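Data block below; observations after.
The values are calculated or read from the model by the stated rules, or taken from the named source; none is laboratory data. Predicted model, so just to flag it, every value in this text is computed and none were measured. In this analysis, Cβ positions are derived from the backbone assuming ideal geometry, glycine residues included, and neighbour counts consider all displayed protein chains. Only protein heavy atoms, including side chains, enter the accessible area calculation; ligands, DNA and RNA are left aside. Shrake-Rupley method; radii C 1.70, N 1.55, O 1.52, S 1.80 Å.
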Amino acid sequence: MPRFIPESDFYFIRWNCGILGQIPLKVRSVYGADEGYTDHTGKFQRKLNEHFFLADPEVLIWTHFPYSEMESNYSRWQLLDKPLKLDEFNALPKVTPFFFEYNLRIRSRPQNPVVFRFQTELKITAHKPTRYKYKLYSVEDRENGALNNYVFCQLKEDRLLGSFAISPPSEGMYYFKVYARPEWQMYEDTTLKNVAIFLLECLKAKKHINPYPLHDVPWGPAQSFYDFKMKLINQVGPVIVTWGGKRKLTLETATIMLITQQLFDSNNKEMDTRGIISREDSDIRITFTITPPRTGYYKLLIFGIPKPKLKGKWRLPLLASFLIDCKLTKNPGDDDPYNSNTKKDTKKKRMRVPTVR
């Protein structure tokens, strides 16, 4: 991403600053006039954007750095109690007006680029639960989502913190583009807006890294899980780790639920759950017994609603999504009493054959 270098940058953007009473005001009329979009015919359609009209100085500093060769104390035009230095400004990720419209904040330490080895975690906080999507791609490529399965996204801290764990498959420079919208707005418009772009520099990547199954929403319980007053009994977080054998996942519900599940492999291909997942319903508790057939990643989706009183076809919302990380599988015959490998069972009995004279 470009960095502002006063000695070499010749493209300057002008904005106005004035004082009304004792309140300093900033206006950038060019942005408001030039905002818009390109329609299906390729024609640019102007659209008014008031984000940069009377903008808060703490907001404007994310995109505008006052500089003038004619003035030594140009930092005063930031209108901040603690003005940012140039290197601090260049370390900020690039954000859009929607970032501030949705009341988002970056929890991670500002860096541009974000330099790391193996894996890095980016954190974005919000005032209300927010839906996220993202795109990870090399700086040498056009924008695409081909590397999205090397990102693990989940919501933490009462679903107010968006966590993005990024493990690129190889060393190099990457763009990480984040889209968002508050969940309460999803009922009217499901379009997610670009809120931030991060530049990443991976110095060293993991060898033989396994990509995650593709997932369109953050991993873990969805908002409907909490709306129906459900609880996780024996699980913390969205990753279910198994070292072989059977692994149980128990949910507690406030009422009898109509539940169904789907299982996908690491290539996002749906699997037949017979012999892999069994379920036991006991009053307000539902227990899934998971027996992965081989090592690797799996995606478990759980859908459900309170059991309807009337029969019919019902659309079941997503309750939760879990990543199953199977690190080891047991020999299928270990639990089979008819195929045991113990010495007691494998010891051969000698048969005496009488000799005939």
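A few comments on the model shown:
- Virtual spin-label span in nm between Ala165 and Lys207, 7 Å along Cα→Cβ: 2.2 nm
- Secondary structure note: in segment 220-329, about 90% of the DSSP beta bridges are antiparallel.
- Full extension of the chain between Asn268 and Asp81 yields a length gain of 62.2 nm, computed as 0.36 nm times the residue separation minus the alpha carbon distance.
- Among 119-131, 236-248, sorting by the average number of other beta carbon atoms lying within 10 angstrom of each residue, highest first, gives 119-131, 236-248.
- Per residue, the accessible area of segment 220-329 comes to 57 Å² when a 1.4 Å probe rolls over the protein heavy atoms.
- Accessible-area composition of segment 93-209, carbon plus sulfur, in percent [1.4 Å probe]: 47 percent
- For segment 93-209, size of Cβ-based charge dipole, Lys and Arg +1, Asp and Glu -1, in debye: 280 debye
- Ile276 versus Asn234: modelled label distance in nm, points set 7 Å from Cα along the beta carbon direction: 2.1 nm
- Applying 1/(1 + (r/R0)^6) with R0 = 41 Å to the Cβ-Cβ distance of Lys248 and Lys156 gives a FRET efficiency near 0.95.
- Based on protein heavy atoms only, segment 93-209 ends up with 50 Å² per residue of surface accessible to a 1.4 Å probe.
- Here segment 220-329 has 52 percent of its accessible surface on carbon and sulfur atoms, given a 1.4 Å probe and all protein chains in place.
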